[in-house]
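J.: Below is a structure I'd like to ask you about.
The values are calculated or read from the model by the stated rules, or taken from the named source; none is laboratory data. This structure is a prediction, so every number in the text was calculated from the model and none was measured. Please note: Cβ atoms are built from the backbone with ideal geometry, for glycine as well, and neighbour counts cover all protein chains shown.
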Amino acid sequence: MNDQEISRGQNLLTLQSATVDASSLIAGLSVRRAKATDYNELAYLANLADGDTLSFIAQGLNPMADPLAIYRDMIADATGMYACRNCLVAELDGNVIGLANAFSARLIENELTGIELTAREKHLQPRTELNDPQSYLLNNIAVFPAYRRWGIGTRLVEAVVAEASEQGFSSITLHVWADNTQAIAFYQKLGFKIDGHAAISWHPELPHLGGSFLFRLPIGSSIHPGASIGARR
């Protein structure tokens with residue numbers, strides 16, 4: 001590990017434990033396209049959002065699999081779903097504090113074409129089969145814990161809605177585990193409505209119960225302010 005990587009790691013620890021002043025946060029917050037130099041923060045935030053699901057899949061093949069390392073590799077793939085072009089970040093004082101990963105849902109379909117699914121991927125297939133390839137998929141969203149409940153998640157969703165509208169999509173979809181009541185409440189406050197349910201059977205290493213919901217927000221709908229977001233979807 002070089003000095004730059006150590007510095008970035010220390011910065012991540014600072015972001016996790018920071019004390020936030022709400023007034024300065026609102027004034028200084030911006031949302032922008034992710035850059036290659038954001039890879040550490042992107043990987044950490046993606047892992048916050050859905051690392052338990054990735055771990056479930058990856059550790060079925062390798063019990064020692066590191067989800068952070070996998071996310072870094074996915075971010076480095078310029079054509080994949082976690083490429084910087086598919087990530088928006090919330091930035092405050094030069095620090096990335098939030099992530100929204102979103103793209104055409106057809107990208108999932110394209111990535112799975114011709115691929116033999118693993119046993120655990122097949123276990124989660126009912127969730128994947130809910131995807132609407134005609135929609136814009138909000139795949140992941142997360143904010144560092146110290147910066148939650150100040151509307152950053154809402155700002156990120158608003159940016160995704162604007163991007164989807166510019167690209168001509170008629171709706172935004174996303175998946176939420178049925179037992180993630182905090183995320184469900186967040187999306188419902190923003191105007192998303194349940195559009196389907198995937199029944200996923202119990203597995204001793206999958207940390208979710210009750211299956212998964214597909215939520216949808218038609219483009220043109222108003223985003224209701226004041227919602228806050230937690231880490232996991």
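J.: Do we have any residue at all in segment 162-171 that's of a type in the set (Phe, Trp, Tyr), free of Cβ contacts under 8 Å to residues at least 60 places away in the same chain, in contact with a Phe, Trp or Tyr (Cβ under 7 Å, 6 or more places away or on another chain) and crowded, with 18+ Cβ neighbours inside 10 Å? Give the derivation first.
T.: Pass one, segment 162-171, residues of a type in the set (Phe, Trp, Tyr): 169.
Checking the rest, the ones that are also free of Cβ contacts under 8 Å to residues at least 60 places away in the same chain come to none.
Scanning segment 162-171, I find no residue that is of a type in the set (Phe, Trp, Tyr), free of Cβ contacts under 8 Å to residues at least 60 places away in the same chain, in contact with a Phe, Trp or Tyr (Cβ under 7 Å, 6 or more places away or on another chain) and crowded, with 18+ Cβ neighbours inside 10 Å, so the answer is no.
J.: Just the residues that are under 19 Å from His175 (Cβ atoms), part of a loop (DSSP other than H, G, I, E, B) and at pLDDT below 95, please, taken from segment 92-117.
T.: Leu117
J.: Quick one: how many residues across segment 81-91 are small (Gly, Ala, Ser) and in a strand (DSSP E or B)? Walk me through how you get there before you give the answer.
T.: Of the residues in segment 81-91, the ones small (Gly, Ala, Ser) are 83, 90.
Then drop every residue that is not in a strand (DSSP E or B), which leaves 90.
Going through segment 81-91 one residue at a time, the tally reaches 1.
J.: Here's a follow-up. Can you pull out the residues in segment 51-80 that are hydrophobic (A, V, I, L, M, F, W, C) and part of a helix (DSSP H, G or I)?
T.: From segment 51-80, those hydrophobic (A, V, I, L, M, F, W, C) are 54, 56-58, 61, 64-65, 68-70, 74-76, 78; that's our starting set.
The answer is Leu54, Phe56, Ile57, Ala58, Leu68, Ala69, Ile70, Met74, Ile75, Ala76.
J.: Something else: Restricting attention to segment 33-80, and to residues there that are in contact with a strand residue (DSSP E or B) (Cβ under 6 Å, 6 or more places away or on another chain), farther than 22 Å from Gln125 by Cα and of a type in the set (D, E, K, R), which single residue is surrounded by the fewest Cβ atoms within 10 Å (Cβ to Cβ)?
T.: My answer is Asp38.
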